[in-house]
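Novice: My questions all concern the structure below.
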Amino acid sequence: MVSPFGEFKSQVEKYLSEIGLGDQVERLEVPSDLRLGHLALPLFHLHGKPINLVEPSGLIASVNVNNNYLNFKCNIKKLSEATFNQIKEMGENYCNNRVQGMQVIIEHTSANPLHPMHIGHARNAFLGDSLARLMKARGHFVKTHFYVDDMGLQVMIATIGFKNSPKKPEGVKPDHWIGFVYAVANIMYEIAGINSKLNENGSDYSSLVKKRDELIGYAASLREKFPKEFDELSSSLSKMSLNEWERAISTMIRGMEVKDQSTLKLVRDLVNTALLGFKETLDRVNVNFDEWDWESQQATEEDIRGLVESVQDSPFKMLYKGVLAVDCNAVAKLPEASKDLTLIEKAGKEIPPMLLLRSDNTTLYQTRDVIYSIKKLASADEVYNVVGAEQSLAQLQVKLALYAINHPKASRLHHVPYEMVRLPGRKMAGRYGSYVTLDEVIDLAVLMASNEIRRRNPQMDEQALIKSSEAIGIGAIKYALLSVSAQKVVEFQVERALNFEENSAPFIQYAAVRANNILSTASKRGIMIPEEPDFSNLTDEAEQEIILLCSRLPDTVAYAADTLHVEALASNVMEIADKFNSYYARVPVLTADNYSVIGARLALSKIVYMSLRSALSLLGIAIPEKMRTYLQPRIKLACCSAKAIQTTIAG
RNA sequence: GGGCCCGUGGCCCAUUAUGGAUCAGGGCGCAGGUCUUCGAAGCCUGUAUUAGUGGGUUCAAAUCCCACCGGGCCCGCCA
């Protein structure tokens, strides 16, 4: 399937080869001003080589040379027809742009089940989810995977806490509870470490005490949350010496690797509790997973032995501080690996070795990740890992390890990096229980949305209010995170994301709701969209621009999916909403002069609505049914200010 | 010390993949206008930029190359 605009482009390409410029098609571009044309070929490098134009046909309305450009104008009437027909045929799948499908695995979010998800996980989840939707629209067979980390050191600390912890109080979200238990346990563990160091000679007494005071500070704020539970938990954990902690932890790590049933059960209980909370949140934001891959189930002893042997047998084994490692530098010089150009260029010259085993022969996270990658590659043509940019080196090492053992699909493993999200004025420390949870941010967004709706539409019934608030509040967060290129650090300012004005999801949703409203008003008045609207009525510049934008949408989807640039789709959608908003404010649809014009404009509204709906669905953003506004002066209510609400929640 | 990423009006973002048309687009903010007519989360008018700095390649650079400056991140027998 090719986009309507893509059809125009291929006709232009055909035309170019007819006049002997077939080798120039790569230079075709969209002109800066559509009055100049709709596709243009710069002629500078041809230096006056004569061009013999022939009569255009099909979607090409005219061809002319102007200012050293060969300009092609599209027959907007025919382009509108093509777009309209494609939308009639494909409905909300209009944006789909299928190519030969591949088996694709996208691993994303994979938040540690030790604390609730925060806004950074949201960026990961929304990016991964949107990429999955985009690739499906591209015709790929996509499976989304969540990698559940149930094996790390930190998990064991949490589990020890969990074993000693009182019951979760009624009404507390399970992952929030685990976050509390983990933070208390970790603080107690760290304090035990400090206490033991304080008994040694020659330790830096004052800095240790300072660190311990800091930990006690964190503990104090944790105690405020659940005083009774805190006291119970901390008093049983405080009996443990550092030695006891370390023995318990390493016994458990060992237990996990040999699949000791009682250890597995303990850890599984903890992790399942956290996942219950994750699923609730992910469900609310409509992010779904096909598979939940538990780390402990991925790397069997056999897998580990196999990997170790492969490395041993490879020319890239090395000993680093006495333990087995992969010589990443040497691997990077492999022809196959260096063909993976971007990879090597981005890596720089000195790549530290990747350690495979601890000196007690237990595995490290990366070792398990190599095994997990092999498993993913076994069932997919391409594997994408949406993982924070701070792990670029680690991700690179995993890939190089695959090259080291000569894995045939090493080049098919891709790291999709994204930069961190900051919250102004807040330092997050998951290990100490200091964070703003994603749940809080969502609650705030939805609350603000519902305040807005209530202000603008006091009569909306409760059911509709809740549904619309969710669509608007969550849409706003998603758009704020997806519209910015993933490689930029973003500062997430709630009041900015929820501004609800231009450049936001609500703005786009508003345009869609309005377009849809025009359609439903028409149908209420018995006005039907003609089977074959006369698009020659669309003579307004804005109308033509809207058609062009919508007709290109499937191309943007292809670009976004193939190059992993979700933000390209986000800004294309914004352009459509922007143009349509200013268009309908100026040009009447239902009260136009005659039925022929009404029909064409109605069809245009349909094109806009379906385009937005289709594109927004690929971003995972819902369209609310109603955003009605009553005719009343705009009053800025104090209680609606984000700051006030944020303060309330923070307090 | 080494590496990766980012740097666009007072603030935020797009454009950077494939360099192109003497107006670099939006938004926020600020100043003003606009609801009896398809819903004002809208629309219209005004306001502001040496595209970090300097050099190079080119007929043409925000875009490619080099250097420098500023910010973020990474370099752990943590994950």
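The values are calculated or read from the model by the stated rules, or taken from the named source; none is laboratory data. These figures come from a predicted structure and were not determined experimentally. Every residue, glycine among them, receives a Cβ derived from its backbone with ideal geometry; neighbour counts consider all protein chains shown. For accessibility, only protein heavy atoms count, side chains too; no ligands or nucleic acids. Shrake-Rupley method; radii C 1.70, N 1.55, O 1.52, S 1.80 Å.
Novice: Only one of A:Lys478, A:Lys467, A:Lys524 is closer than 27 Å to A:Ile442 by Cβ and open to solvent by 40 Å² or more (accessible area, probe 1.4 Å). Can you tell me which? First the steps, then the outcome.
Specialist: Values: A:Lys478 fails: open to solvent by 40 Å² or more (accessible area, probe 1.4 Å); A:Lys524 fails: closer than 27 Å to A:Ile442 by Cβ.
Within the list A:Lys478, A:Lys467, A:Lys524, the selection yields A:Lys467.
Novice: Here is a further query. Got a sec? Which of A:Asp534, A:Asp555, A:Asp540 is charged (D, E, K, R), away from RNA strand B (no atom under 12 Å from the Cβ), in the same structural domain as A:Ser605 (by TED's automatic domain parsing) and touching a residue at least 12 places away in the same chain (Cβ under 8 Å)?
Specialist: Just one listed residue meets the conditions, A:Asp534.
Novice: In addition: Taking the stated definitions as given, is A:Glu502 open to solvent by 40 Å² or more (accessible area, probe 1.4 Å), over 19 Å from A:Glu575 (Cβ atoms) and at pLDDT below 95? Let's see the steps before the verdict.
Specialist: On the way: open to solvent by 40 Å² or more (accessible area, probe 1.4 Å): yes; over 19 Å from A:Glu575 (Cβ atoms): no; at pLDDT below 95: yes.
Taking the combined requirement at face value, the residue does not satisfy it.
Novice: Would region A:55-68 turn up any residue that is more than 24 Å from A:Glu543 (Cα to Cα), at pLDDT 90 or above and surrounded by 16 or more Cβ atoms within 10 Å (Cβ to Cβ)?
Specialist: Checking region A:55-68: not a single residue is more than 24 Å from A:Glu543 (Cα to Cα), at pLDDT 90 or above and surrounded by 16 or more Cβ atoms within 10 Å (Cβ to Cβ).
Novice: Looking at A:Leu153, A:Leu134 in this structure, which one is within 16 Å of RNA strand B (Cβ to nearest atom), open to solvent by 10 Å² or more (accessible area, probe 1.4 Å) and in contact (Cβ under 8 Å) with a residue 40 or more places away in the chain? First the steps, then the outcome.
Specialist: On the way: A:Leu134 fails: open to solvent by 10 Å² or more (accessible area, probe 1.4 Å).
None of the other options fit; the residue is A:Leu153.
Novice: Can I ask one more? Taking A:Lys168 as the residue in question, decide whether it is farther than 18 Å from A:Leu266 by Cα and among the basic types (Lys, Arg).
Specialist: Values: farther than 18 Å from A:Leu266 by Cα: no; among the basic types (Lys, Arg): yes.
In short, no.
The rows are residues; the columns are (1) modelled with pLDDT of 95 or more; (2) within 13 Å of RNA strand B (Cβ to nearest atom); (3) farther than 30 Å from A:Tyr418 by Cα.
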{"site": "A:Tyr583", "(1), (2), (3)": "no, yes, yes"}
{"site": "A:Ala600", "(1), (2), (3)": "yes, yes, yes"}
{"site": "A:Leu616", "(1), (2), (3)": "yes, no, no"}
{"site": "A:Gly620", "(1), (2), (3)": "yes, no, no"}
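Novice: Assuming A:Ser238 fulfils every condition listed in (1) of a type in the set (Gly, Ala, Ser); (2) open to solvent by less than 60 Å² (accessible area, probe 1.4 Å); (3) closer than 22 Å to A:Gly433 by Cα apart from one, which condition is it?
Specialist: Answer for A:Ser238: the failing condition is (2).
Novice: In region A:491-507, how many are within 6 Å of RNA strand B (Cβ to nearest atom) and touching a helix residue (DSSP H, G or I) at 6+ places or on another chain (Cβ under 7 Å)?
Specialist: Residues that pass the stated criteria total 5.
A quick yes/no check of all residues on (1) among the charged types (D, E, K, R); (2) over 30 Å from A:Asn499 (Cβ atoms); (3) more than 24 Å from the chain's Cα centre (by Cα):
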{"position": "A:Thr363", "(1), (2), (3)": "no, yes, yes"}
{"position": "A:Lys375", "(1), (2), (3)": "yes, yes, no"}
{"position": "A:Val383", "(1), (2), (3)": "no, yes, no"}
{"position": "A:Gly388", "(1), (2), (3)": "no, no, no"}
{"position": "A:Gln391", "(1), (2), (3)": "no, yes, no"}
{"position": "A:Lys409", "(1), (2), (3)": "yes, yes, yes"}
{"position": "A:Pro424", "(1), (2), (3)": "no, no, no"}
{"position": "A:Val436", "(1), (2), (3)": "no, no, no"}
{"position": "A:Glu440", "(1), (2), (3)": "yes, no, no"}
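Novice: Additional query: Kindly indicate whether any position in region A:449-457 is farther than 24 Å from A:Leu131 by Cα, open to solvent by less than 60 Å² (accessible area, probe 1.4 Å) and basic (Lys, Arg). Can you show your working first?
Specialist: Restricting attention to region A:449-457, the residues satisfying the condition of being farther than 24 Å from A:Leu131 by Cα are A:449-457.
Next cut, open to solvent by less than 60 Å² (accessible area, probe 1.4 Å) only: A:449-453, A:455, A:457.
Add one more test, that the residue is basic (Lys, Arg), and what stays is A:455.
Looking through region A:449-457, at least one residue is farther than 24 Å from A:Leu131 by Cα, open to solvent by less than 60 Å² (accessible area, probe 1.4 Å) and basic (Lys, Arg).
Novice: Search region A:390-409 for residues that are more than 19 Å from A:Asn124 (Cα to Cα) and pair each with any residue that is part of a helix (DSSP H, G or I) and near RNA strand B (Cβ under 8 Å from one of its atoms) when their beta-carbon atoms are under 7 Å apart and the residues are at least 6 apart or on different chains.
Specialist: That search, which allows pairs on different chains as well, returns A:Gln397/A:Gln366; A:Val398/A:Gln366.
Every residue, every condition in (1) touching a residue at least 40 places away in the same chain (Cβ under 8 Å); (2) over 21 Å from the mean Cα position of the chain (by Cα); (3) open to solvent by 10 Å² or more (accessible area, probe 1.4 Å); (4) at positive phi, yes or no:
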{"site": "A:Phe72", "(1), (2), (3), (4)": "yes, yes, no, no"}
{"site": "A:Lys77", "(1), (2), (3), (4)": "yes, yes, yes, no"}
{"site": "A:Asn85", "(1), (2), (3), (4)": "no, yes, yes, no"}
{"site": "A:His115", "(1), (2), (3), (4)": "yes, no, yes, no"}
{"site": "A:Ala122", "(1), (2), (3), (4)": "yes, no, no, no"}
{"site": "A:Phe162", "(1), (2), (3), (4)": "yes, yes, yes, no"}
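Novice: Of the residues A:Ala445, A:Ala401, only one is modelled with pLDDT of 95 or more, among the small types (Gly, Ala, Ser) and either buried (at least 18 other Cβ atoms within 10 Å of the Cβ) or part of a helix (DSSP H, G or I) (or both); which?
Specialist: Only one candidate qualifies: A:Ala401.
Novice: Need at least 1 residues that are among the hydrophobic types (A, V, I, L, M, F, W, C), within 15 Å of RNA strand B (Cβ to nearest atom) and within 30 Å of the chain's Cα centre (by Cα) per element, so show me which helices (runs of 4 or more DSSP H) inside region A:255-342 make the cut, counting only ones lying wholly within it. Let's see the steps before the verdict.
Specialist: Numbers: elements: A:261-284, A:295-298, A:301-313, A:328-332, A:335-339.
Of the helices (runs of 4 or more DSSP H) lying wholly inside region A:255-342, those with at least 1 residues that are among the hydrophobic types (A, V, I, L, M, F, W, C), within 15 Å of RNA strand B (Cβ to nearest atom) and within 30 Å of the chain's Cα centre (by Cα) span A:261-284, A:328-332.
Novice: Here is a follow-up. Tell me, which residue of region A:382-398 that is under 19 Å from A:Phe141 (Cα atoms) and open to solvent by less than 30 Å² (accessible area, probe 1.4 Å) is nearest to RNA strand B (Cβ to nearest atom)?
Specialist: To start, the set of residues in region A:382-398 that are under 19 Å from A:Phe141 (Cα atoms) comprises A:382-386.
Subsequent filtering for residues that are open to solvent by less than 30 Å² (accessible area, probe 1.4 Å) retains A:382-383, A:385-386.
Numbers: A:Glu382: 18, A:Val383: 18, A:Asn385: 12, A:Val386: 14 Å.
Checked region A:382-398; the qualifying residue nearest to RNA strand B (Cβ to nearest atom) is A:Asn385.
Novice: Looking only at region A:95-126, how many residues end up being within 17 Å of A:Ile474 (Cβ to Cβ) and hydroxyl-bearing (Ser, Thr, Tyr)? Write out each step before concluding.
Specialist: Here is the first cut: in region A:95-126, the residues within 17 Å of A:Ile474 (Cβ to Cβ) are A:109, A:116-126.
Keeping just the survivors that are hydroxyl-bearing (Ser, Thr, Tyr) gives A:109.
Qualifying residue count for the region: 1.
Novice: Now a separate question. In a helix (DSSP H, G or I), more than 9 Å from RNA strand B (Cβ to nearest atom), more than 27 Å from the chain's Cα centre (by Cα) and touching a residue at least 60 places away in the same chain (Cβ under 8 Å), is that true of A:Gln463? Break it down into steps so the answer makes sense when it comes.
Specialist: Details: in a helix (DSSP H, G or I): yes; more than 9 Å from RNA strand B (Cβ to nearest atom): yes; more than 27 Å from the chain's Cα centre (by Cα): yes; touching a residue at least 60 places away in the same chain (Cβ under 8 Å): no.
Answer is no for this residue.
Novice: Are there any pairs, at least 6 apart or on different chains, whose C-beta atoms fall under 8 Å, with the first in region A:272-300 and open to solvent by 80 Å² or more (accessible area, probe 1.4 Å) and the second in a loop (DSSP other than H, G, I, E, B), and if so, which?
Specialist: That search, which allows pairs on different chains as well, returns A:Glu280/A:Lys173.
Novice: Could I ask something else about it? Name the single residue, out of those in region A:563-595 being among the charged types (D, E, K, R) and touching a helix residue (DSSP H, G or I) at 6+ places or on another chain (Cβ under 9 Å), that is most open to solvent (accessible area, probe 1.4 Å).
Specialist: Residues of region A:563-595 that are among the charged types (D, E, K, R), as a first pass: A:567, A:575, A:578-579, A:586, A:593.
Those still in the list that are touching a helix residue (DSSP H, G or I) at 6+ places or on another chain (Cβ under 9 Å) too: A:567, A:575, A:578-579, A:586.
Working: A:Glu567: 41, A:Glu575: 89, A:Asp578: 61, A:Lys579: 55, A:Arg586: 139 Å².
Among them, the one singled out is A:Arg586.
Novice: Take A:Ile607 and decide whether it is within 12 Å of RNA strand B (Cβ to nearest atom) and in contact (Cβ under 8 Å) with a residue 24 or more places away in the chain. Before you say what the answer is, go through the steps one by one.
Specialist: On the way: within 12 Å of RNA strand B (Cβ to nearest atom): no; in contact (Cβ under 8 Å) with a residue 24 or more places away in the chain: yes.
No, not satisfied.
Novice: Kindly evaluate A:Lys49 against the criterion of being within 16 Å of RNA strand B (Cβ to nearest atom) and open to solvent by 40 Å² or more (accessible area, probe 1.4 Å). Steps first, please.
Specialist: Working: within 16 Å of RNA strand B (Cβ to nearest atom): yes; open to solvent by 40 Å² or more (accessible area, probe 1.4 Å): yes.
Judged against the criteria, A:Lys49 is a match.
Novice: Something else: Among all residue pairs at least 6 apart or on different chains, which show Cβ distances below 8 Å where the first residue, located in region A:484-505, is on the phi < 0 side of the Ramachandran plot and among the aliphatic types (A, V, I, L, M) and the second is assigned to a helix (DSSP H, G or I) and within 6 Å of RNA strand B (Cβ to nearest atom)?
Specialist: Filtered contacts from region A:484-505: A:Val484/A:Glu567; A:Ala486/A:Glu567; A:Leu498/A:Ala449; A:Ala505/A:Ile472.
Novice: Looking at this structure, is A:Tyr418 hydroxyl-bearing (Ser, Thr, Tyr) and over 24 Å from A:Asp562 (Cα atoms)?
Specialist: No; evaluated as a whole, the condition is false for this residue.
Novice: While we're here: Would you say A:Ser379 is in contact (Cβ under 8 Å) with a residue 60 or more places away in the chain, open to solvent by 10 Å² or more (accessible area, probe 1.4 Å) and small (Gly, Ala, Ser)?
Specialist: On the way: in contact (Cβ under 8 Å) with a residue 60 or more places away in the chain: yes; open to solvent by 10 Å² or more (accessible area, probe 1.4 Å): yes; small (Gly, Ala, Ser): yes.
Yes: the conditions hold for A:Ser379.
Novice: State whether the residues of region A:511-518 include one that is under 26 Å from A:Ala486 (Cα atoms) and open to solvent by 60 Å² or more (accessible area, probe 1.4 Å).
Specialist: No, every residue in region A:511-518 fails to be under 26 Å from A:Ala486 (Cα atoms) and open to solvent by 60 Å² or more (accessible area, probe 1.4 Å).
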